[in-house]
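Here's the structure we're looking at; comments come further down.
The values are calculated or read from the model by the stated rules, or taken from the named source; none is laboratory data. Computed from a predicted model, the values in this text were never measured in an experiment. Positions of Cβ are generated from backbone atoms using ideal geometry, with glycine treated the same way; all protein chains shown enter the neighbour counts. Note: accessible area is taken over every heavy atom of the protein model, side chains too, but ligands, DNA and RNA are not part of it. Shrake-Rupley method; radii C 1.70, N 1.55, O 1.52, S 1.80 Å.
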Amino acid sequence: MAGSRLPRQLFLQGVAAVFMFAFASLYTQIPGLYGPEGILPARRTLRPQGKGRWQQLWDTPTLLWEAPRLGLDTAQGLELLSLLGALLALGALLLRPLRHPLVYLLLWAAYLSACQVGQVFLYFQWDSLLLETGFLAVLVAPLRQPPQGKQAPQGGSAGASPHEALPFWLVRWLLFRLMFASGVVKLTSRCPAWWGLTALTYHYETQCLPTPAAWLAHHLPVWLHKLGVVATFLIEIAVPPLFFAPIRRLRLAAFYSQVLLQVLIVITGNYNFFNLLTLVLTTALLDDQHLAAQPGHGRRKKMPTSWPKALLASLSLLLELAVCGLLAYGTVHCFGLEVDWQQRTIHSRTTFTFHQFSQWLKTVTLPTMWLGAASLTWELLAALWRWTQVRGWLQKLSAAVQLSIFGTATVSLFVISLVPYSYMEPGTHGRLWAGAHRLFGAVEHLQLANSYGLFRRMTGLGGRPEVVLEGSYDGHHWTEIEFMYKPGNVSRSPPVVVPHQPRLDWQMWFAALGPHTHSPWFTSLVLRLLQGKEPVIRLLQSHVARYPFHEQPPTYVRAQRYKYWFSQPGEQG
């Protein structure tokens, strides 16, 4: 079995890169979002309640409690944390010795600290995903970096500890939970666009921050959009169980399917660091052999000569063909795929009912947990076998202690993760072991395990709702207040902002979906614009001179909701 030394290093580099993007993006927005003159001043979130220092830190785990000791207010402390986090993440990205558990623990603690005071602007699923992934990086990072270039037998790295591949399995389990739940919630939400396979005919136009490529994708034929929805369900629901397949070609096929989906999303939508982080998680499906840790190994490999190996290879090939055939049959059967040779199209429709899907979900949710448990058990046994190969009683004792600690941590995190994973099926959630619920409840505020479910419902089916702000000096002549990133001016093409997340622009998208009472921060935004506060203005326009009221604040500000649609091919604008 090929080792996972290179995938682990790639994972650690990827996590460092995402932390760097997240901290740097947040740093530029702190004055306008959380400063004394910002929309939601951070100082209001941390109020001492007479508790002891450590109890206060446990209840609200943020290093910003210590900001006053440094002579800083909460927003200044947040800026310092973000700046140091970005620099530390850059160091871990570039310098191998900095890929140490302590470094990733500091990055995780810093981002958790920011989320505790971030309020609605840091309540996104990818923030939770980054925290969970960051904590796994603490366990995956080696305590001692092995010498570069040395290889141990069977693909392991020289001097590697038996436990090192064990926490990396949790990354694969996290990827499974993320993708499987994201696929399931699209159907459990009863969204007519997902059930009718028409979601992509709206998605590119109505997503928060489309890219220029989204306009092109939006004008693809409807039958191709529907086929894209079918492919999404296949990749998110049917393929993830293959993450635990014993045959590596099936795992690699699963890897490339996930990469394809994420790359297409990156091209057509500005989802900040989310898709990059998901791509980082997919490294758990790779191995050293695939990443050329053993040059020429795959090219020069000869056919097995002994009959047991030949038989095993034949059975593996038959199993691969059976899995591919089952996926193909299931897709055709569940979505009624039919080829229309005259029109050169593929017709598709959902052939199962909500009740049938609910029954299927009840049937498979618990077995997927057992699948994870069986895969983890195999990893534990493999780690024990590697421990038996350690020579020297002192080295064996040290390896045993490390294996016990990291094995316990891995099993505990797996058990904790079962609770949020089971949210998608209430019946299974209620039958979970009570100890798992107690464990999860004890550490829930640390966000070590979270529930996921992206693109649950398709919005803007009757046109993209968009809130447009306008200012005036006399209440009669109004001037639009443009944002740098969100749609406003119909003559401007959508921008590309990945991996930056303009958090105010994102919240403006959510604000357009409901009444203003659902977005209490919006009143504060309007007030800051009436006051002419520069930190908030810079969230809208980084160059203040482009802000129409930069010389004098407007007397009046109003918000109007419009419906937006992409232009048709051939139209101007």
Query - Tally of residues being of a type outside the set (A, V, I, L, M), open to solvent by 40 Å² or more (accessible area, probe 1.4 Å) and in contact (Cβ under 8 Å) with a residue 24 or more places away in the chain across segment 403-428 - result: 2
Query raised in the report: Looking at segment 340-363, which of the residues that are open to solvent by less than 30 Å² (accessible area, probe 1.4 Å) and not small (Gly, Ala, Ser) is farthest from the chain's Cα centre (by Cα)?
Result: THR345
Query raised in the report: What pairs can you find where one residue is in segment 429-443 and free of Cβ contacts under 8 Å to residues at least 24 places away in the same chain and of a type in the set (Phe, Trp, Tyr), the other is part of a helix (DSSP H, G or I) and crowded, with 16+ Cβ neighbours inside 10 Å, and their Cβ atoms are less than 9 Å apart, with a gap of 6+ or different chains?
Result: TRP433/VAL415; TRP433/LEU418
Report summary line: Among (1) touching a helix residue (DSSP H, G or I) at 6+ places or on another chain (Cβ under 7 Å); (2) on the phi > 0 side of the Ramachandran plot, GLY570 falls short only on (1)
Query raised in the report: Just to be sure, is ALA109 crowded, with 21+ Cβ neighbours inside 10 Å, out of contact with any Asp or Glu (no Cβ under 9 Å at 6 or more places or on another chain) and of a type in the set (Gly, Ala, Ser)?
Result: no
Query raised in the report: Among (1) open to solvent by 40 Å² or more (accessible area, probe 1.4 Å); (2) within 18 Å of LYS186 (Cα to Cα); (3) among the aliphatic types (A, V, I, L, M), where does LEU317 come up short?
Result: (2)
Query raised in the report: Which pairs do you get when a residue that is within 18 Å of THR211 (Cα to Cα), found in segment 244-272, comes within reach of a residue that is hydroxyl-bearing (Ser, Thr, Tyr) and open to solvent by 20 Å² or more (accessible area, probe 1.4 Å), reach meaning Cβ atoms under 6 angstrom, with the pair 6+ apart or on two chains?
Result: THR268/TYR204
Query raised in the report: Are any of the residues in segment 485-496 free of Cβ contacts under 8 Å to residues at least 60 places away in the same chain and among the polar types (S, T, N, Q)?
Result: yes
Query raised in the report: Among the candidates LEU227, LEU216, LEU234, which residue alone is in a helix (DSSP H, G or I), more than 20 Å from the chain's Cα centre (by Cα) and surrounded by fewer than 20 Cβ atoms within 10 Å (Cβ to Cβ)?
Result: LEU216
Query raised in the report: So which of THR428, THR459 ends up being hydroxyl-bearing (Ser, Thr, Tyr), part of a loop (DSSP other than H, G, I, E, B) and farther than 21 Å from PHE243 by Cα?
Result: THR459
**Report entry** Near pairs, Cβ below 7 angstrom, 6+ apart or cross-chain, from segment 546-573 (over 20 Å from ALA511 (Cα atoms)) to any residue that is aliphatic (A, V, I, L, M) and open to solvent by 100 Å² or more (accessible area, probe 1.4 Å)
**Finding:** GLY573/VAL490
Query - Residue among LEU33, LEU83 that is under 26 Å from VAL497 (Cβ atoms), of a type in the set (A, V, I, L, M) and surrounded by fewer than 20 Cβ atoms within 10 Å (Cβ to Cβ) - result: LEU83
Query - Within segment 196-213, tally of residues that are open to solvent by 10 Å² or more (accessible area, probe 1.4 Å), in a helix (DSSP H, G or I) and touching a helix residue (DSSP H, G or I) at 6+ places or on another chain (Cβ under 7 Å) - result: 6
Query raised in the report: Is segment 344-354 home to any residue that is part of a helix (DSSP H, G or I) and modelled with pLDDT of 95 or more?
Result: yes
Report summary line: Of all helices (runs of 4 or more DSSP H) fully inside segment 1-116, the set with 1 or more residues that are under 30 Å from HIS543 (Cβ atoms) and in contact (Cβ under 8 Å) with a residue 12 or more places away in the chain is 5-27, 30-34, 74-94
